[in-house]
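Below is one structure, written out as structure tokens; comments come after it.
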Amino acid sequence: MNNIRNITLLLLFVFLTSCMNVKKIDIAEFSDKLKIQEELGLKLFENYKANPKKYSNSHLNLCDLKYTKIKLRDGLEYFIAEPPKENMVILGRHVKIFQGSISYSTKSCIVMTQPEGVLSSAVVITHLLSNIPTEFHVFVSLKYKKTVYVGTKIGNWIVKNGKISVLDDK
């Protein structure tokens, strides 16, 4: 049953991203940026596990969810949306504040609900805010223990166990 669900997710991902102008990705071009996203995502996850404090901050244009505030260092903090139920995965709208500049993980609130008793091993999302997956995708992969398939303007990516790689087009 899990294999069928994974194949269905992969086919959905291919369908959703097939309309995008996708070309072969030169991974070397993005290697430094990807490493930074992986490191930030891991630090965010580690701090999240170590210090879960619930906050709500409506002035940040957030979703109608509870948020956990995580401060990584001076000038860099995150607000992570919390799922109201165990069977929910929150892909967005998380927030990053860096030196007063606010950036969002997604353009809108994205909550995926799994049927009770059914656990998927992956989630699929298109990402329009950057050409590569971000620390938020790495965080989601680690927090929910799921593979995250990410489609961007330039190609398709896999985020698994905190690592970002290109989805091979073979």
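It is to be established whether one or more residues within the range 2-13 are of a type in the set (Val, Ile, Thr), touching a strand residue (DSSP E or B) at 6+ places or on another chain (Cβ under 8 Å), assigned to a helix (DSSP H, G or I) and modelled with pLDDT under 80. No; the residues of the range 2-13 include none that is of a type in the set (Val, Ile, Thr), touching a strand residue (DSSP E or B) at 6+ places or on another chain (Cβ under 8 Å), assigned to a helix (DSSP H, G or I) and modelled with pLDDT under 80. Within the option set GLY75, GLY155, being surrounded by fewer than 22 Cβ atoms within 10 Å (Cβ to Cβ) and at positive phi holds for one residue only, GLY75.
Residues in the range 92-123 that are polar (S, T, N, Q) and surrounded by 13 or more Cβ atoms within 10 Å (Cβ to Cβ): SER103, SER105, THR106, GLN114, SER120, SER121. Within the range 44-51, one or more residues are modelled with pLDDT under 85 and surrounded by fewer than 12 Cβ atoms within 10 Å (Cβ to Cβ). On the stretch given as the range 153-170, residues that are among the polar types (S, T, N, Q), farther than 16 Å from ILE36 by Cα and without any contact (Cβ under 8 Å) to a residue 40 or more places away in the chain total 0.
Across the range 158-170, the qualifying residues are those that are of a type in the set (D, E, K, R) and modelled with pLDDT of 95 or more, and the one among them that is surrounded by the fewest Cβ atoms within 10 Å (Cβ to Cβ) is LYS163. Is there a residue being in contact with a Ser or Thr (Cβ under 7 Å, 6 or more places away or on another chain) and in contact (Cβ under 8 Å) with a residue 40 or more places away in the chain anywhere in the range 100-112? No: zero hits.
Assess whether ASP26 counts as being within 17 Å of ILE80 (Cβ to Cβ), at pLDDT below 90 and of a type outside the set (Gly, Ala, Ser). Answer is no for this residue. When the range 124-149 is limited to residues that are assigned to a strand (DSSP E or B) and modelled with pLDDT under 95, the one that is surrounded by the fewest Cβ atoms within 10 Å (Cβ to Cβ) turns out to be THR126.
The values are calculated or read from the model by the stated rules, or taken from the named source; none is laboratory data. This is a predicted model, so every value here is computed, not measured. A quick note on method: Cβ atoms are made from the backbone with ideal geometry, for glycine too, and the neighbour counts reach across all protein chains shown.
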